[in-house]
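The numbers here are math on the coordinates, done by the rules we state, and not lab data. As the structure is a computational prediction, the values presented were derived from the model and not from experiment. For neighbour counting, all protein chains shown are included, and Cβ atoms are generated from backbone atoms with ideal geometry for every residue, glycine included.
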Amino acid sequence: MQKSKSMVRQFLLLLLTALTLASCYHRSPTTSDALPVPYSAEQLDSISFYSRHHYSENFNFVVRADSLVLLRQQPEEAFSELLTTDSLTVRRHDRLVVADIRMLPTDSIDSVWVQVARDQHTIGWVHESDLLPAVDPDDPISQFISTFSDVHLLIFLIIIVAIGFVYLMRKMLRSNARIVHFNDIDSFYPTLLTLLVASAATFYASIQTFAPDVWRHFYFHPTLNPFATPPILSVFLISIWAILIVGLAAVDDVRHQLPLGEAVVYLCGLAAVCAVDYIIFSLTTLYFVGYLLLGAYVYFALRQYFQHNRAGFICGNCGAKLHHKGRCPHCGAENL
């Protein structure tokens, strides 16, 4: 017993000694004798250019236009009437890398000249104002944004979607087929999907209107991670992910509630409504009308679902969903 008490005292004494020594130890902060290296004037110019133009040297582009003409000689030689200049052409889908950037304040057309190279033998200079409309960043997300921002494509989509929507709506209403908002199934996912598309389109147009520089930077440096972007873009990316998730849930719910043929027709109608929502709200928000339309659309969609499409009862005999009390259309039982 005494031996055990002695061992306990020794252990406590050692522990107290260790704690005392540890408390006396002070780790001095590590300091570096190296002084911070100042940026050179060229580096500061490069940083300033990147912050305003969102790209710099070694940035990769892909040619979107049919062709792009490059100047072989130095940009200064383009101003000389005594020197003849030579040019070369790069074609659609050629990949280019920014080799150099030069500022020429004396150029009345465009003071920014960019040297791009396809390979070591194909390299030349071009005005930035001629380069950017003809190329896209070499990233699939940037190219997707560029495609959907094309004016001619947007006009074409408006015409096709309008014709298809009118035809499909007329046919479905005549045949009393299922369609979101009007003769919907008992699932909130299709309604939620249309509201998400309308909200995302409104938010997309709002970013382009009130924060165009943020959207331009995102175009040059895209990401699908909503936690790696500014808050305004994070909300937009979260809405895009929500559209994908709710869309999958809507497809699964439709597949379980409707036969295959009716499900395909319903999903086509749902896609048409989403396309119309995207076009209407992305365009009208540019003129600030979209915000009023969005509020009215949210009220209309929720009212239609909860008053006309939501099944609030279940048949006591077969378990089928019912919109109101009375005779069950599936088994004929009376539900009072």
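Would any residue of the range 84-115 have its amide N under 18 Å from a label point 7 Å out along Cα→Cβ of Glu42? List them or say none. Under cut-off, by backbone N: 98-104, 113-115. Other residues within the sphere of radius under 9 Å centred on the Cβ of Leu104, judged by their own Cβ, net out at -2 (K and R +1, D and E -1).
Subtracting the Cα-Cα distance of Leu260 and Val166 from 0.36 nm times their residue separation leaves 31.5 nm of extension gain.
Among the trypsin sites (Lys or Arg not before Pro) found in the range 83-146, those both in a DSSP coil and sparsely packed, with 14 or fewer other Cβ atoms within 10 Å of their Cβ, are Arg92.
The Cβ shell under 14 Å around Ile123 holds other residues with a net charge of -1, Lys and Arg each +1, Asp and Glu each -1.
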